[in-house]
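Please read the structure below before turning to the comments.
The values are calculated or read from the model by the stated rules, or taken from the named source; none is laboratory data. Because the structure is a prediction, the values reported are computed rather than measured. Methodologically, a virtual Cβ is constructed for each residue, glycine included, from the backbone with ideal geometry; neighbour enumeration extends over all protein chains shown. Quick note on the areas: whole protein, heavy atoms, side chains included, nothing else; ligands and nucleic acids left out. Shrake-Rupley method; radii C 1.70, N 1.55, O 1.52, S 1.80 Å.
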Amino acid sequence: MTRLWNEPAAFADEMIDGFVAANGRYVRRIPGGVARATTSPAGQVAVVVGGGSGHYPAFGGLVGPGLAHAAAMGNLFASPSTQQVYGAAKAADNGGGVFFTYGNYAGDVLNFDAAEQRLRDEGIDARTVTVTDDISSAPVAERRRRRGIAGDLTVFRAAAAAAERGDDLDGVARVAALANERTRSFGVAFTGCTLPGAEDPLFTVAEGRMAVGLGIHGEQGIDETDIPTADGLAEMLVAALLDPAEVPEGVASVSGARVVPVLNGLGSLKYEEMFVVYRRIAQLLEGAGIEIVDPHVGEYCTSFDMAGTSLTLYWLDDELAALWEHPVDTPAYRRGAVTATERVSASAIEAEATDEIPDADDSSRATAHTVRLAVTAIAETIDTHVDELGRLDAVAGDGDHGIGMQRGSHAARAAADAAADAGAGAATTLQRAADAWADRAGGTSGALWGVMLAAIARTLGDTGTPTAADVAAGVSAASRAVTDYGKAELGDKTLVDALVPFATTLAHGVDGGASLSAAWRSAAVAADRAATATADLLPRKGRARTHGEHAVGTPDPGAVSLALITAAVADVLASASEKGTPS
Ligand code: ADP
Ligand code: MG
């Protein structure tokens, strides 16, 4: 149970403010989360971690010398937005590229991948290794699909130590992948957790029972049993992790192997209980001939106030063992002695915060005006249909599609207005709108709209007037980006079902010599038809998947809003082309 909060919606932000106020020696607030308050050598790879809030000390508590350079901190149990990840990466970058590492969850992957793409577009190199330590979340043959839990700590530490010894981006990625391969975890839970302001726990475990392999956000486990004794639990955890299939490939023999055990508390399990469990774990590992190195018993990745625990085994080789000696000094985790480092200067922080608008010419500014009118029309059409979109999403989803789209489109309008007023060209105006949308909307669709608008922005440029073919290419790129990030295919009952026919009809019209405005109109009609046709489909992606059968007969809310938006933009393009402004 969570007892203390002000406004539940402000909880994560206020938590970060207080965390920074209490740890100013280590961290500073940046757009998107926190970064080290201390300087790093120029050219050092920046290790950027992150995820939803509610897992303290993951992720903000793990920022400092020897560990992460920055953490993107999302809302409670929600992925950070693309903009937040990007903000954290920009603040952390030392000129040596950015290395992302975080737990493998669909929302996080989508937003971190989109941020990575944005960095690359700007010429900042980036790599990613997601943490996949939870053995209960997929069979060993499908390890890449596994979730990340307490194994974050060992992978983050290996990556950071490699960065600080001077490895380049590829070197850091190699070490992190090796550490991830050699990190396996298995956990149990006795209660669910209750987010601030919520009446009921997010999920429950029956009194006296134990959920085996339950995820840190309540994802389904693999079994349920009566709660065993402390020794019984130790035996179960060790047996699962010493199963020959779970001993990493490079380990020649269990006997003689060096292993760091991490017994992690999930939020409201007593340290004393964990010590009783660890007593038996140590006996069992020693009994198997394992050389225990630097055991950890404590909280490293929690799940709000969930009562539960997980055991991680980190199988060292010579290189990982040497890297494990690297000292760490962060708010929540310290190891060895770190030499004092200089603080980031006030002038450097100020320079970071200035928000420069790239140069543009007059023709691009004229296109930026059309972009601004289009974004305004999008916000207006969403306002008109906000309740309807919410109702559609409530049939099989969580009912937030209307308000999410409203928050996103209003933020996008404000950002486009501000950029255009400051003299931005078309690409910058739309890019700012995309960032604001993704940052404020929340939800899957918010992230995808950010990705779509950013892809279109890239083809508009900040100089000259984009041609109809440029715009059609931008929309096709947007369509590809959505399927790349969201992994939905045609027929999965998502906005992809309206987006793909929209993009192909637009490209076809423009190729055939139609004006942008005429081709866009036909494409919008195709999108509308396709959105209506999603009523017949069974959802296979996103939140709606779990309540699939209810959704048959109702069109997909994301497809419907996409069709509404394309129609509103068609009106803007039609009046722009009548006035002879660039279209
Ligand atoms: P959430 O599902 O996070 O609550 P919204 O309610 O704002 O987000 O948006 C729901 C819409 O998002 C769905 O109707 C669907 O069109 C779209 N969507 C969800 N997952 C995907 C995906 N993987 N790929 C493409 N579109 C998706
Ligand atoms: Mg929803």
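Does ARG372 qualify as being of a type in the set (Lys, Arg) and surrounded by 22 or more Cβ atoms within 10 Å (Cβ to Cβ)?
yes
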So which residues in region 387-402 are within 13 Å of ligand 2 (Cβ to nearest atom), surrounded by fewer than 21 Cβ atoms within 10 Å (Cβ to Cβ) and assigned to a helix (DSSP H, G or I)?
-> GLY390, ARG391, ALA394, VAL395
Unmet criterion (only one of (1) out of contact with any Gly (no Cβ under 9 Å at 6 or more places or on another chain); (2) open to solvent by 40 Å² or more (accessible area, probe 1.4 Å); (3) at pLDDT 95 or above) for VAL552 = (3)
Exclusive hit being in contact with a strand residue (DSSP E or B) (Cβ under 7 Å, 6 or more places away or on another chain), at pLDDT below 95 and not polar (S, T, N, Q), set VAL395, VAL338 | VAL338
Would you mind finding the one in ALA503, ALA519, ALA530, ALA507 that is under 15 Å from ALA568 (Cα atoms) and part of a helix (DSSP H, G or I)?
-> ALA519
Confirm whether GLY446 is under 25 Å from ARG120 (Cα atoms), within 9 Å of ligand 1 (Cβ to nearest atom) and either touching a residue at least 40 places away in the same chain (Cβ under 8 Å) or buried (at least 24 other Cβ atoms within 10 Å of the Cβ) (or both).
-> yes
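One line per residue, one yes/no per condition, for (1) open to solvent by 10 Å² or more (accessible area, probe 1.4 Å); (2) over 29 Å from PHE77 (Cα atoms); (3) in contact with a strand residue (DSSP E or B) (Cβ under 7 Å, 6 or more places away or on another chain); (4) among the β-branched types (Val, Ile, Thr):
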site	(1), (2), (3), (4)
GLU273	yes, no, no, no
ILE281	no, yes, yes, yes
VAL293	yes, yes, yes, yes
MET306	no, no, yes, no
GLU319	yes, yes, no, no
Out of the residues in region 495-517 that are among the β-branched types (Val, Ile, Thr) and within 16 Å of ligand 1 (Cβ to nearest atom), which is farthest from THR465 (Cα to Cα)?
-> VAL496
Among the listed residues ALA419, ALA455, ALA424, ALA488, which satisfies the condition of being more than 11 Å from ligand 1 (Cβ to nearest atom), open to solvent by less than 60 Å² (accessible area, probe 1.4 Å) and within 27 Å of GLY52 (Cα to Cα)?
-> ALA455
Give the number of residues within region 481-493 that are in contact with a Ser or Thr (Cβ under 8 Å, 6 or more places away or on another chain) and within 16 Å of ligand 2 (Cβ to nearest atom).
-> 3
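Every residue, every condition in (1) in contact with a helix residue (DSSP H, G or I) (Cβ under 7 Å, 6 or more places away or on another chain); (2) aliphatic (A, V, I, L, M); (3) assigned to a loop (DSSP other than H, G, I, E, B), yes or no:
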{"residue": "ASP435", "(1), (2), (3)": "yes, no, no"}
{"residue": "ALA454", "(1), (2), (3)": "yes, yes, no"}
{"residue": "THR459", "(1), (2), (3)": "yes, no, no"}
{"residue": "THR494", "(1), (2), (3)": "yes, no, yes"}
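Matching residues to (1) open to solvent by 10 Å² or more (accessible area, probe 1.4 Å); (2) assigned to a helix (DSSP H, G or I); (3) outside the structural domain of ILE30 (by TED's automatic domain parsing); (4) touching a strand residue (DSSP E or B) at 6+ places or on another chain (Cβ under 6 Å):
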site: LYS90; (1), (2), (3), (4): yes, yes, no, no
site: PHE100; (1), (2), (3), (4): no, no, no, yes
site: VAL109; (1), (2), (3), (4): yes, yes, no, no
site: ARG118; (1), (2), (3), (4): yes, yes, no, no
site: VAL129; (1), (2), (3), (4): yes, no, no, yes
Quick count over region 345-374, residues being within 32 Å of the chain's Cα centre (by Cα), farther than 15 Å from ASP417 by Cα, assigned to a helix (DSSP H, G or I) and of a type in the set (S, T, N, Q), is 1
All positions within region 440-488 that are within 21 Å of the chain's Cα centre (by Cα) and among the acidic types (Asp, Glu) | ASP484
ILE382 is checked against (1) modelled with pLDDT under 95; (2) within 15 Å of ligand 2 (Cβ to nearest atom); (3) crowded, with 20+ Cβ neighbours inside 10 Å and fails just one. What number does that condition carry?
-> (1)
